[in-house]
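**Q** Okay, handing you the structure first.
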Amino acid sequence: MHRRTLLAGAAALAASPAALPATAWAQAASKTKVVFWHAMTGANGDEINRIARDFNASQSGVEVEPIFKGSYPETLTAAIAAWRAGQAPHIAQIYEVGTGSMLAAGPAVKQVWQLAQDTGLKIDPATYLPAVRGYYSLVDGRMASMPFNSSTGVMWYNKDAFEMAGLDPEKAPVTWAEFATAARALKEKWAVPTMAKSGGQELMATTTSWFAWIQLEEYSAIHNLPFATKADGFEGLDTELKFNAAPQVKQLQMLLELARDGAFKYTGRDNTPDPVFYSGQTAIGFGSSAGRADIVRNAKFKWAAAMLPYDPAVIQQPNNTIIGGASLWTMTTPTRKPEEYKAVAQFLQFLAQPENDTLYHQHTGYVPVTLGGYELSQKQGYYEKNPGADIAIKSLTRGTVTENSRGLRLGRLPEIRNIVYEEVEKALQGQQNAQAALDSAVARGNRVLREFEKSVRT
Amino acid sequence: MERRTIFPGRAFPILLVLPQLLLTFVFFLWPAGQAIWSSMTRADPFGIRTTFVGTENFYDLFTDPLYRDSIGRTLVFCVAVSVLSMGVALLLAVCADREIRGRGWYRIMLIWPYAVAPAVAAVLWILLLHPQIGLIGRWLNRHGVPWDYKLNGLQAMSVVIGASAWKQVSYNFIFFLAGLQSIPRAVIEAARMDGAKGWFRFRTMVLPLLMPTVFFLIVVNLVYAAFDTFGTIQALTQGGPGKATETLVVKVFRDGLINLDVGGSSAQSVVLMLGVIVLTAVQFRFLSRRTDS
């Protein structure tokens, strides 16, 4: 008995490191508290705090407390550990690739349609952009999680560097062939190691953040190629990876050749390469449209955004890109009261109001997730004043959504992404060619998918 | 000359050891039992559906070529870290054992790195070695050495070995210095009188007398390299590039906390636990033999 209370105490302590100071307790006592775990840093992290402040000021019954829980994978892990200890937050921000795992979470989460039903507060899927909503909905259209911060892959480029390399700064490369030509020109004429120009920094012609997402997942969607069977996993757990087909191999091959010639440089996994662009060290940096806030804050050169290039030999009319980013999941605990769920629903409704959605969009570089928010930004003339700020949303709404461009619904996708990184890194070191890298990634990834299938079926 | 106190009855002695037993139970037996149990199950991340699968996780583990690679990598890493940190520490200790000016100051500076937290140490190494922002990294690249430990597996391995060994030098230094100082001066003086010169004297007199310390440190360093270097590796390379620096502990973390494969990760923990038990047993056996003789 003694032991058990000790353990329970330790678990509670570990799960809720953000114990409130006494004064805050006194103030919050009369309000319903909503704990919101998120993974946003820098300018985007400040924005979460602003939203919570605005919401708390807008009404008197609910107090939202945002808590930063580390990176996306760390936040997911923390949320799972907290749920197992009965200490889950009310809302957890879970990245898009965690969606497959969260959908299998059963009683740990209250899906949005269920939350709306239980609390009687209306949350209408039709107000959300189709390319965003689709990723987070069940096959029958009911929404599982709340779209929040959605971005898509874009190409950031340094106009000053383009000019120096003799390229037209107003005309970004549209196809991958044009990109390769531009990369080689930048390597020849701009990324030359003269200390005076770069201030001692190493210059590299091009680089990419999110290699697995942008160069493989987005590439497959744009070119209408299946990333996995069963409609990218939407139609069944027995899905198999398919991204080792000829076009994807050709794409990786091109990047490997550019890397060999010094016209492309791999600078790390996930978003770690982001600073390489805004510090001015690279002329073209592929990244998330959400990088906009940090670029505005840090870049000391003229820059612009463009859509991800495509390969006309594979597709004439490129598809929409797929979203990245995260959504908000309502989580459960055994002792959570109905009024707490109601408070959560109130907060989610607040986020979906056009004026709040559009503000968040303009402050961060994430796309407006509601149609109302998009229209409001248009009406305010935001896109005329900030050319290129609508690149992401134009890219998401290009063409019609096909089953190859709706998104990915694969369990343990974060692990599959890591496998892709590992195999690509080996290829970049010259240990294997493009075909072998993707074959190996597919084979290893399929084993992960089978494990996931077994773990949720039993 | 041994003194023993015998307590009468049973209750009182048990009461005296109870706090220790309780600690052992809460912080070792209970979590270890949990690990063994979950190593024999397959569960989804949330632990909602758990099935007993017996030894299937272990079978999967040892048939996985990536796991065998990781074992080999860990062995190389452990040996390299131990040899490097003990070699450097022994050299420094032998130097500090002499009569030199500012000896106290010199010793304190050498012991300092032990107090630096692994993550902080890793950040310092990044500031030195990062190919784009690090002092040394940039210098190397500027002078035509293609330095990029984020992409070159061999360089990455050298970086984590160097950083891990550096952390342990202080610890080894203290033990070597104490070991050297416990060697009777008379023995060394006698050797000197007989005409034994520097290296020869060290090899035939000092080293044999230092062997108990050396052996103790070998075990401690192997355990350190295998288990305590997670923080350093995670902060420096996260096990990459590819899997070049993914040692067994990094793999446990990766599979358990990032990939959320609790069963497979627990199976790996159990294997590691067996490793520690064996190492500890070897050490105890050796130590007890030494005291017996």
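The values are calculated or read from the model by the stated rules, or taken from the named source; none is laboratory data. Here the structure is a predicted model, which is why all the values come from computation and not from measurement. FYI the Cβ positions are ideal-geometry reconstructions off the backbone, even for glycines, and counts take in every protein chain you see.
**Q** Inspect the range B:187-204 for any residue being within 24 Å of the chain's Cα centre (by Cα) and aromatic (Phe, Trp, Tyr) and give the result as yes or no.
**A** No, the range B:187-204 has no match at all.
**Q** Follow-up. Can you name every residue in the range B:142-159 that is within 11 Å of chain A (Cβ to nearest Cβ), surrounded by 11 or more Cβ atoms within 10 Å (Cβ to Cβ) and of a type outside the set (S, T, N, Q)?
**A** Those that are within 11 Å of chain A (Cβ to nearest Cβ), surrounded by 11 or more Cβ atoms within 10 Å (Cβ to Cβ) and of a type outside the set (S, T, N, Q): B:ARG142, B:TRP147, B:ASP148, B:LYS150, B:LEU151, B:GLY153, B:ALA156.
**Q** Can I ask one more? Being over 30 Å from A:ALA85 (Cα atoms), under 16 Å from the mean Cα position of the chain (by Cα) and either away from every other protein chain (no Cβ under 14 Å) or surrounded by fewer than 21 Cβ atoms within 10 Å (Cβ to Cβ) (or both) is the requirement here; does B:LEU90 meet it?
**A** In short, no.
**Q** Suppose we keep only residues that are of a type in the set (Val, Ile, Thr) and away from every other protein chain (no Cβ under 13 Å) within the range B:10-60. Which one would you say is nearest to the chain's Cα centre (by Cα)?
**A** In this case the residue turns out to be B:ILE36.
**Q** Let me ask something else about it. Could you run through the range A:401-437 and say how many residues are more than 24 Å from A:THR321 (Cβ to Cβ) and either in a loop (DSSP other than H, G, I, E, B) or of a type in the set (Phe, Trp, Tyr) (or both)?
**A** Looking only at that region, the number is 5.
**Q** Related question: Kindly establish whether A:THR402 is touching a residue at least 40 places away in the same chain (Cβ under 8 Å) and either out of contact with any Gly (no Cβ under 8 Å at 6 or more places or on another chain) or within 30 Å of A:SER60 (Cα to Cα) (or both).
**A** Against the criterion (touching a residue at least 40 places away in the same chain (Cβ under 8 Å) and either out of contact with any Gly (no Cβ under 8 Å at 6 or more places or on another chain) or within 30 Å of A:SER60 (Cα to Cα) (or both)), A:THR402 qualifies.
**Q** If I filter the range A:265-280 down to residues being polar (S, T, N, Q) and facing chain B (nearest Cβ under 10 Å), which single residue comes out as surrounded by the fewest Cβ atoms within 10 Å (Cβ to Cβ)?
**A** If we take residues in the range A:265-280 being polar (S, T, N, Q) and facing chain B (nearest Cβ under 10 Å), then A:THR272 is surrounded by the fewest Cβ atoms within 10 Å (Cβ to Cβ).
**Q** For A:PRO89, are the conditions met, namely being out of contact with any Gly (no Cβ under 7 Å at 6 or more places or on another chain), at pLDDT 95 or above and not in a strand (DSSP E or B)?
**A** yes
**Q** Do you know which residues across the range A:135-155 are among the hydroxyl-bearing types (Ser, Thr, Tyr) and in a strand (DSSP E or B)?
**A** A:SER137, A:SER150, A:SER151, A:THR152
**Q** Sticking with this structure for a sec: Check off (1) of a type in the set (A, V, I, L, M, F, W, C); (2) within 14 Å of chain A (Cβ to nearest Cβ); (3) more than 22 Å from B:LEU84 (Cα to Cα) for B:TRP105 and give me the number that stays unchecked.
**A** (2)
**Q** Something else: Given the condition small (Gly, Ala, Ser) and within 14 Å of chain A (Cβ to nearest Cβ), answer yes or no: does some residue in the range B:187-204 qualify?
**A** For the range B:187-204, residues small (Gly, Ala, Ser) and within 14 Å of chain A (Cβ to nearest Cβ): absent.
**Q** Let me confirm something: among A:SER440, A:SER455, which residue is at pLDDT below 90, within 14 Å of another protein chain (Cβ to nearest Cβ) and in a helix (DSSP H, G or I)?
**A** The match here is A:SER455.
**Q** Mind telling me which of the residues A:ALA172, A:ALA221, A:ALA205, A:ALA212 ends up being assigned by TED's automatic domain parsing to the domain that holds A:GLN316, surrounded by 15 or more Cβ atoms within 10 Å (Cβ to Cβ) and farther than 27 Å from A:THR397 by Cβ?
**A** Residue meeting the stated conditions: A:ALA205.
**Q** So A:ARG260 passes all but one of these: (1) of a type in the set (D, E, K, R); (2) buried (at least 19 other Cβ atoms within 10 Å of the Cβ); (3) within 14 Å of chain B (Cβ to nearest Cβ). Which condition number does it fail?
**A** (2)
**Q** Mind telling me which of the residues A:ALA82, A:ALA92, A:ALA57, A:ALA78 ends up being more than 9 Å from chain B (Cβ to nearest Cβ) and in contact with a strand residue (DSSP E or B) (Cβ under 6 Å, 6 or more places away or on another chain)?
**A** A:ALA92
**Q** Next question. Which one of A:VAL424, A:VAL448 is within 14 Å of chain B (Cβ to nearest Cβ) and either crowded, with 24+ Cβ neighbours inside 10 Å or within 30 Å of A:PRO169 (Cβ to Cβ) (or both)?
**A** It is A:VAL424.
**Q** Considering only the range B:169-209, how many residues are of a type in the set (A, V, I, L, M), over 19 Å from B:ARG107 (Cα atoms) and surrounded by 15 or more Cβ atoms within 10 Å (Cβ to Cβ)?
**A** Total meeting the criteria: 6.
**Q** Still on this structure, please answer the following. Quick test of your reading of the structure: B:PRO19 fulfils all but one of (1) at pLDDT 90 or above; (2) in contact with a strand residue (DSSP E or B) (Cβ under 9 Å, 6 or more places away or on another chain). Name the failing condition by number.
**A** Among (1) at pLDDT 90 or above; (2) in contact with a strand residue (DSSP E or B) (Cβ under 9 Å, 6 or more places away or on another chain), the lone unmet condition for B:PRO19 is (2).
**Q** When residues of the range A:291-344 are filtered for being more than 19 Å from A:ARG398 (Cα to Cα) and among the polar types (S, T, N, Q), how many remain?
**A** Of the residues in the range A:291-344, 6 are more than 19 Å from A:ARG398 (Cα to Cα) and among the polar types (S, T, N, Q).
**Q** Here are the criteria: (1) crowded, with 19+ Cβ neighbours inside 10 Å; (2) within 14 Å of another protein chain (Cβ to nearest Cβ). Tell me which single one A:THR370 does not satisfy.
**A** (2)
**Q** While we're looking at this one, here's another question. Based on what the data block shows, is A:ALA392 within 25 Å of A:GLY141 (Cα to Cα), among the small types (Gly, Ala, Ser), under 18 Å from the mean Cα position of the chain (by Cα) and outside the structural domain of A:THR208 (by TED's automatic domain parsing)?
**A** Yes, satisfied.
**Q** Also, quick follow-up: Would the range A:234-245 turn up any residue that is more than 21 Å from A:GLU403 (Cα to Cα), away from chain B (no Cβ under 14 Å) and aromatic (Phe, Trp, Tyr)?
**A** no
**Q** Let me ask another. Residues that are within 14 Å of chain B (Cβ to nearest Cβ), among the polar types (S, T, N, Q) and either closer than 21 Å to A:SER220 by Cα or surrounded by fewer than 16 Cβ atoms within 10 Å (Cβ to Cβ) (or both): does the range A:288-308 have at least one?
**A** Within the range A:288-308, none of the residues are within 14 Å of chain B (Cβ to nearest Cβ), among the polar types (S, T, N, Q) and either closer than 21 Å to A:SER220 by Cα or surrounded by fewer than 16 Cβ atoms within 10 Å (Cβ to Cβ) (or both).
**Q** Ok, one more. Please count how many residues of the range A:97-134 are within 14 Å of another protein chain (Cβ to nearest Cβ), on the phi < 0 side of the Ramachandran plot and outside any strand (DSSP E or B).
**A** 11
**Q** Let me ask something else. Name the residue, out of A:VAL369, A:VAL442, that is more than 19 Å from the chain's Cα centre (by Cα) and among the β-branched types (Val, Ile, Thr).
**A** Of A:VAL369, A:VAL442, the one residue that is more than 19 Å from the chain's Cα centre (by Cα) and among the β-branched types (Val, Ile, Thr) is A:VAL442.
**Q** Do we find that A:ARG84 is at pLDDT 95 or above and charged (D, E, K, R) in this structure?
**A** Against the criterion (at pLDDT 95 or above and charged (D, E, K, R)), A:ARG84 does not qualify.
**Q** Taking only pairs six or more apart or across chains, which ones have beta-carbon atoms under 6 Å, a first residue in the range B:123-149 that is of a type in the set (Ser, Thr, Tyr), and a second residue that is surrounded by 14 or more Cβ atoms within 10 Å (Cβ to Cβ)?
**A** B:TYR149/B:GLN155; B:TYR149/B:ALA156; B:TYR149/B:VAL159
**Q** Any residue at all in the range B:94-111 that is exposed (fewer than 15 other Cβ atoms within 10 Å of the Cβ), β-branched (Val, Ile, Thr) and not in a helix (DSSP H, G or I)?
**A** Yes; the residues of the range B:94-111 include at least one that is exposed (fewer than 15 other Cβ atoms within 10 Å of the Cβ), β-branched (Val, Ile, Thr) and not in a helix (DSSP H, G or I).
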